[in-house]
């Protein structure tokens, strides 16, 4: 009984280490293949349109409401200590260095990451990835590398959009609904946000782009190993891709905050 | 007899507990069409995937013109694989690309052909295979027969020397089947490629191929020419052809 338990634990540990090694190699291969000729400009633009442009609406919507909620909650907290004038600073700093990159990454993962995992997963189970190999086309370079670049460009831009819309959302709550002076709100935003805060937000956005794209593409690419073949395999891969990406976003958020802030 | 272009020697392959190939021996000769027949699930597709490198054998050797594949230099292996083309059972067309892009993909990604030459080659293949005015359509908008022809066009667009067909007529009606068979035969004569076809179309396939191999229980139980089949006293072969359980 104990032997079996140890055996099972050992097997699970080995499988986990194997997966970890595989994902690192997958990421490394995807990144290095970005620099192999010919550059895949058309594909990068196509994926930027999908990851970036098509996410704009959802980012504006979530950014606006996040900012509005922050404005409301921030006001009710700050008013207790008589510091409601610092609302602009509280909203902007929270958004720029923390909520902006995290929420953007989660929203884009839910929208574009799940689609990446599903698309590549379907390609795996319908032998399209094997077909690429038989045509001497590197599937990692063809499917993954352009997506990394597209995400690395799109995530910081979407984060910036989220931040700006979120600050405006806080302004709506603070000025239009709670009667805070608009000049005070904007002045505290400008005074409190330093270039370092913006940089940290962008580092996070860039790191989340790399991590979530890797996890989503990896899950799709190895659908057959983790989830099996068929429609259920693809659906499991997609679910796992989103869940694992979200967990990774929070872990990396902590690590980056720990080292850079 | 000539040295086989591809030769399997005692090739075994397991997937977990499942022993798919159990010391298989097979010879494929240059310029000929070889059919691999056998019951479903006996490892015929796995055999093809060994040739194109999608699956690696656990033991045994695959010889290319008498030389073990494992002992060839990476450059020579790459050169060999570049001569190959594979037509998948379910076509494996890219559903996010239109028909033109599907056929052009190997040329665009692998060769340094200028755009107009790629265009010329693709349109020529499409014309030869009767794929007129469907360049902008997507695979999901085509019939099963059309998709097969698109897959065949993609397999032939790089002018391969060896083409592997994995059940090219699955899911087609008898008329389409006949058309695909005559198409393979016709193009094999025209382009003189070597072909290996995994097929269940018995006896029709015998009119298309020069050699036949019967795969059963992980090994080749019969291998020979059409004449050998007619002369054969092999019970297992005759039973399989007659549709009896072997």
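The values are calculated or read from the model by the stated rules, or taken from the named source; none is laboratory data. Everything quoted here is computed from the prediction, not taken from an experiment. Cβ sites come from the backbone with ideal geometry, for glycine too, and all protein chains shown count toward neighbours.
Condition check ((1) at pLDDT below 90; (2) within 14 Å of chain B (Cβ to nearest Cβ)) across all residues:
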residue	(1), (2)
A:69	no, no
A:73	yes, no
A:79	yes, no
A:84	yes, no
A:90	yes, no
A:112	no, no
A:146	no, yes
A:155	no, no
(request) Tell me which residues, restricted to the stretch A:123-140, are facing chain B (nearest Cβ under 7 Å) and surrounded by fewer than 20 Cβ atoms within 10 Å (Cβ to Cβ). (result) A:126, A:130, A:133, A:136, A:137
(message) List the residue pairs whose Cβ atoms are under 7 Å apart, where the first residue sits in the stretch A:11-36 and is farther than 14 Å from residue A:142 by Cα, the second is modelled with pLDDT of 90 or more, and the two are 6 or more positions apart or on different chains.
(response) A:23/A:214; A:23/A:218
(request) Take the stretch B:161-171 and flag every residue that is part of a loop (DSSP other than H, G, I, E, B) and crowded, with 19+ Cβ neighbours inside 10 Å. (result) B:167, B:168, B:169
(message) Filter the stretch B:172-207 down to the residues that are in a loop (DSSP other than H, G, I, E, B), buried (at least 21 other Cβ atoms within 10 Å of the Cβ) and at pLDDT 80 or above and list them by number.
(response) B:193, B:199
(request) Can you work out which of the residues in the stretch B:89-101 that are in contact with a helix residue (DSSP H, G or I) (Cβ under 6 Å, 6 or more places away or on another chain) and within 13 Å of chain A (Cβ to nearest Cβ) is surrounded by the fewest Cβ atoms within 10 Å (Cβ to Cβ)? (result) B:95
(message) Here is a list: B:107, B:164. Which entry is within 14 Å of chain A (Cβ to nearest Cβ) and more than 30 Å from residue A:42 (Cβ to Cβ)?
(response) B:164
(request) State whether the residues of the stretch B:59-69 include one that is at negative phi and in contact (Cβ under 8 Å) with a residue 60 or more places away in the chain. (result) no
(request) Give the stretch A:41-74 a look and list any residue that's surrounded by 20 or more Cβ atoms within 10 Å (Cβ to Cβ) and either outside any helix (DSSP H, G or I) or free of Cβ contacts under 8 Å to residues at least 60 places away in the same chain (or both), or say none. (result) A:52
(message) If I filter the stretch A:181-199 for residues that are within 18 Å of the chain's Cα centre (by Cα), surrounded by fewer than 23 Cβ atoms within 10 Å (Cβ to Cβ) and part of a helix (DSSP H, G or I), do I get at least one hit?
(response) yes
(request) Restricting attention to the stretch A:102-143, report how many residues are out of contact with any helix residue (DSSP H, G or I) (no Cβ under 9 Å at 6 or more places or on another chain) and assigned to a helix (DSSP H, G or I). (result) 0
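Could you tell me which residue of the stretch B:68-81 is farthest from the other protein chains (Cβ to nearest Cβ), considering only residues that are over 21 Å from residue B:20 (Cα atoms) and surrounded by 14 or more Cβ atoms within 10 Å (Cβ to Cβ)?
Among residues in the stretch B:68-81 that are over 21 Å from residue B:20 (Cα atoms) and surrounded by 14 or more Cβ atoms within 10 Å (Cβ to Cβ), the one farthest from the other protein chains (Cβ to nearest Cβ) is B:72.
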(message) Condition first: within 14 Å of chain A (Cβ to nearest Cβ) and farther than 24 Å from residue B:210 by Cβ. Now tell me which residues in the stretch B:36-67 satisfy that.
(response) B:53, B:54, B:55, B:56
(request) Test residue B:86 against the criterion of being within 13 Å of another protein chain (Cβ to nearest Cβ) and within 22 Å of residue B:163 (Cβ to Cβ), and give yes or no. (result) yes
(request) Output the number of residues of the stretch B:208-239 satisfying the condition of being outside any helix (DSSP H, G or I), over 28 Å from residue B:14 (Cβ atoms) and more than 19 Å from the chain's Cα centre (by Cα). (result) 2
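Examine the stretch A:93-101 for a residue that is part of a helix (DSSP H, G or I) and within 21 Å of residue A:150 (Cα to Cα), and state whether such a residue exists.
So far as the stretch A:93-101 goes, yes, one or more of its residues are part of a helix (DSSP H, G or I) and within 21 Å of residue A:150 (Cα to Cα).
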(message) Just to check your reading of the model, which residue among B:141, B:128 is modelled with pLDDT under 85 and away from chain A (no Cβ under 13 Å)?
(response) B:128
